[in-house]
Amino acid sequence: MPNIRLLPWLLAASLPWTATAADGLPASFDEAKLRADHDEAALPPELAGRIHQAQATALDAGIAQCAMPHADTSPFTLVVALDAQGTVTSSWRAGDTPLAICMEKFLRTRPLPAPPKAPLLVSYELSFTR
């Protein structure tokens, strides 16, 4: 039987930069989102601004392509991993609506500015209001 008192230590050891799949990337959406938050907070302000602008442009194009009449506009979050050239190499999604799935596929094809280190994880958090 495992020692329950070790559990907090094990959870701390599994934070984003240590909880990885065989390829060095997070194994789950939750881990990917934590790492994206960490990676984005560490970006130099000028590069963060360029990445955010590129994300906004990609989101506008993706919504234009993926939008459908009467789409389920439930909130969803996507996380993507960028390589050294800014190409998306992996993605994670929280939300299973057709719009979320379409946007994940679309954003996987949209490069962002090259990061200072790779992989760099960034997130897209989408919610819609009327």
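The values are calculated or read from the model by the stated rules, or taken from the named source; none is laboratory data. These numbers come from a predicted model, not from an experiment. Quick reminder, even Gly has a Cβ in these numbers, built from the backbone with ideal geometry, and neighbours come from all protein chains shown.
The residue pairs whose first member lies in the range 64-77 and is over 16 Å from Thr129 (Cβ atoms) and among the aliphatic types (A, V, I, L, M), whose second member is at pLDDT 90 or above and exposed (fewer than 15 other Cβ atoms within 10 Å of the Cβ), and whose beta carbons are closer than 8 Å, counting only pairs six or more residues apart or on different chains, are Met68/Pro98.
Quick one: in the range 86-125, of everything that is in contact (Cβ under 8 Å) with a residue 24 or more places away in the chain and part of a helix (DSSP H, G or I), which residue is surrounded by the fewest Cβ atoms within 10 Å (Cβ to Cβ)? The residue in question is Pro98.
Residue count for the range 16-51 under the criterion of being surrounded by fewer than 14 Cβ atoms within 10 Å (Cβ to Cβ) and modelled with pLDDT of 95 or more: the result is 8. Go through the residues of the range 74-85 one by one and say whether even a single one is of a type in the set (Gly, Ala, Ser), under 13 Å from the mean Cα position of the chain (by Cα) and buried (at least 20 other Cβ atoms within 10 Å of the Cβ). The answer is yes, given that some residue of the range 74-85 is of a type in the set (Gly, Ala, Ser), under 13 Å from the mean Cα position of the chain (by Cα) and buried (at least 20 other Cβ atoms within 10 Å of the Cβ). Only one of the numbered conditions (1) part of a loop (DSSP other than H, G, I, E, B); (2) closer than 14 Å to Leu120 by Cα is not met by Ala48, and that is (1).
Any residue that is without any contact (Cβ under 8 Å) to a residue 60 or more places away in the chain and touching a Leu at 6+ places or on another chain (Cβ under 6 Å) - is there at least one of those in the range 39-55? Among the residues of the range 39-55, at least one is without any contact (Cβ under 8 Å) to a residue 60 or more places away in the chain and touching a Leu at 6+ places or on another chain (Cβ under 6 Å), which makes the answer yes.
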